[in-house]
Amino acid sequence: MAISLRSSPYFFFLLIFVFSLFSFSFAEIRFSEIRSDDRSIIPFDEFGFTHTGQLELNISHISFSNPSPELDLSQVGFFLSTRDSWIRVLQQIQDLDITCALQSDLVKNVFTFDKLKGANSFNTLYSETDSNQFTLVFGNCLPQLRISMNVRSAMYNLDGKSSSRDYLSAGKTVLPKIYFLFFLIYFSLASIWIYVLYKKRLTVYRIHFFMLAVLILKALNLLCEAEDKSYIKRTGSAHGWDVLFYIFSFLKGITLFTLIVLIGTGWSFLKPYLQDKEKKVLMIVIPLQIVANIAQVVIDESGPYAQDWITWKQVFLLVDVVCCCAVLFPIVWSIKNLREAARTDGKAAVNLMKLTLFRQYYIVVICYIYFTRVVVYALETITSYQYLWTSVVAGELATLAFYVFTGYRFRPEVHNPYFVIDDEEEEAAAEALKLEDEFEL
């Protein structure tokens, strides 16, 4: 049984609120199949229009579970709505001013099914002259009516000079250039790191080659993302670049989290092996990253119209949070072990320096996770749709800073900085640890 807009306005308020938490697709040309669906609201892509916006909508193979001629098909159709307008529409429904979202003057009706006149398909071109961010929505205000159809939607803006189509939302149209710029930066960093490894080859550990692999995968990931968005911008399709993007995104995610775990355990720097509990962390993080990447592919490729789209989004967010928490445990264990060793083995200065380094890394990892998961999302939420690219830049700059810090603090050294300690530093470190213990007591 369909859920009526009139009977459950709060349900759809919650629905749109949940959708507003996430970023929809980049509105490339999308093909969607709706089969025996009784949902009252089916959201499709969100898109930022300029004053030259266009929406192409091609619907075919339309069928109803109840093909009665008495159906009021004016209550079934497609419309465009902003997030602010949708909240006001829900208020109108709650106040019984209207019984269907399609009746509101706050939304922009694209096509209602009463115009079908017995046909099972239609094509329409809708011009949008108001600069704003709209969501394409299908509304079905007829309870118990199930609808099947194939939907092809394409939203784009026309360039004022050449009238060429730009399939990227306003505010995201500069993303290809941004991603390519960061690719050049990471390519340069990888080249510098190769030079450092060659110059310091006598003191290079295995972890340094692992760092190089992470840099290269990050650069390739950015290159594929730049090409992916560039093709979408010009043609509305990724032309296979999305597949390469998913592959390198998967490899980059696994290697980055693995690197954080390995550095946190002191592998290669302090010891040539991993303890059982540290191996278990890797055995948790790697499968979770596989699940996260599967969820990301489903989210990007299906779009919000899919019935399980929100579920996959929740899975992705949950897995990402668990991974971020899991990688912190090895660092905490290393800090705890170094504190205990500083009190027992007589090498206070050595262990204090290690302890300081791991504490710094622990703080930096937390700041990186917080910024890229919370602050970037907040920027995306509060920033005007015309400047959504700023959240991408902020996230990439934070990631770049994290990579640079990690490489600098754990770079190859001719002399191990942990063990180049004189007697005065040893005594000062012992006093510092003693004062720290007294403070904790």
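A few remarks follow.
- So residue 47, is it open to solvent by 10 Å² or more (accessible area, probe 1.4 Å), out of contact with any helix residue (DSSP H, G or I) (no Cβ under 8 Å at 6 or more places or on another chain) and hydrophobic (A, V, I, L, M, F, W, C): no
- For first residues located in segment 32-48 and over 29 Å from residue 129 (Cβ atoms), partners that are among the β-branched types (Val, Ile, Thr) and in a strand (DSSP E or B) and lie 6+ apart or on another chain with Cβ distances below 6 Å form the pairs 37/147.
- Inspection of segment 61-73 finds no residue satisfying the criterion of being within 36 Å of the chain's Cα centre (by Cα), buried (at least 20 other Cβ atoms within 10 Å of the Cβ) and not assigned by the TED database to the domain that holds residue 300.
- Among the residues of segment 95-122, the ones that are small (Gly, Ala, Ser), under 18 Å from residue 150 (Cα atoms) and either assigned to a helix (DSSP H, G or I) or open to solvent by 70 Å² or more (accessible area, probe 1.4 Å) (or both) come to 1 in all.
- Residue check for residue 169: surrounded by fewer than 21 Cβ atoms within 10 Å (Cβ to Cβ) and of a type in the set (S, T, N, Q): no
Here is a yes/no grid of residues against (1) within 20 Å of the chain's Cα centre (by Cα); (2) closer than 20 Å to residue 386 by Cα; (3) in a helix (DSSP H, G or I):
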| site | (1), (2), (3) |
| --- | --- |
| 177 | yes, yes, yes |
| 182 | yes, no, yes |
| 188 | no, no, yes |
| 194 | no, no, yes |
| 202 | no, no, yes |
| 219 | yes, no, yes |
| 223 | yes, no, yes |
| 227 | yes, no, yes |
| 230 | yes, yes, yes |
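- With respect to (1) open to solvent by 50 Å² or more (accessible area, probe 1.4 Å); (2) part of a helix (DSSP H, G or I); (3) out of contact with any helix residue (DSSP H, G or I) (no Cβ under 9 Å at 6 or more places or on another chain), the lone exception for residue 85 is condition (1).
- Odd one out for residue 191, checked against (1) hydroxyl-bearing (Ser, Thr, Tyr); (2) out of contact with any helix residue (DSSP H, G or I) (no Cβ under 6 Å at 6 or more places or on another chain); (3) in contact (Cβ under 8 Å) with a residue 40 or more places away in the chain: (3)
- If you check 292, 306 for being modelled with pLDDT under 75, out of contact with any Lys or Arg (no Cβ under 8 Å at 6 or more places or on another chain) and of a type in the set (A, V, I, L, M, F, W, C), only one passes: 306.
- Matching option when the condition is farther than 26 Å from residue 64 by Cβ and touching a strand residue (DSSP E or B) at 6+ places or on another chain (Cβ under 8 Å), among 133, 91: 133
- Leading residue by the ranking (modelled with the lowest pLDDT) among those in segment 319-346 that are charged (D, E, K, R) and closer than 20 Å to residue 262 by Cβ: 336
- Summed over segment 132-152, the residues that are under 25 Å from the mean Cα position of the chain (by Cα) and either buried (at least 23 other Cβ atoms within 10 Å of the Cβ) or in a loop (DSSP other than H, G, I, E, B) (or both) give a count of 3.
- Restricting segment 224-241 to residues that are open to solvent by 30 Å² or more (accessible area, probe 1.4 Å) and in contact (Cβ under 8 Å) with a residue 12 or more places away in the chain leaves a set whose member that is farthest from residue 165 (Cα to Cα) is 241.
- Pairs, first under 18 Å from residue 126 (Cα atoms) in segment 73-95, second surrounded by 15 or more Cβ atoms within 10 Å (Cβ to Cβ) and of a type in the set (Lys, Arg), C-beta under 7 Å, six or more apart: 79/108; 80/108
- Residue-level analysis places residue 164 among those that are of a type outside the set (Val, Ile, Thr) and more than 24 Å from the chain's Cα centre (by Cα).
- Helices (runs of 4 or more DSSP H) (entirely within segment 347-441) containing at least 3 residues that are at pLDDT 55 or above and not hydroxyl-bearing (Ser, Thr, Tyr): 348-370, 376-382, 389-409
- Count of residues meeting criterion [of a type outside the set (A, V, I, L, M, F, W, C) and in contact with a Phe, Trp or Tyr (Cβ under 9 Å, 6 or more places away or on another chain)] in segment 92-124: 7
- The single condition from (1) farther than 24 Å from residue 239 by Cα; (2) surrounded by fewer than 21 Cβ atoms within 10 Å (Cβ to Cβ) that residue 40 fails is (2).
- Some residue of segment 142-152 being out of contact with any strand residue (DSSP E or B) (no Cβ under 9 Å at 6 or more places or on another chain) and in contact (Cβ under 8 Å) with a residue 12 or more places away in the chain: yes
- Test: residue 211 is open to solvent by less than 60 Å² (accessible area, probe 1.4 Å) and farther than 30 Å from residue 109 by Cα: yes
The values are calculated or read from the model by the stated rules, or taken from the named source; none is laboratory data. This is a predicted model, so every value here is computed, not measured. Cβ atoms come from the backbone with ideal geometry, glycine included; neighbour counts cover every protein chain shown. Side chains included, ligands, DNA and RNA excluded: accessible areas come from the protein's heavy atoms. Shrake-Rupley method; radii C 1.70, N 1.55, O 1.52, S 1.80 Å.
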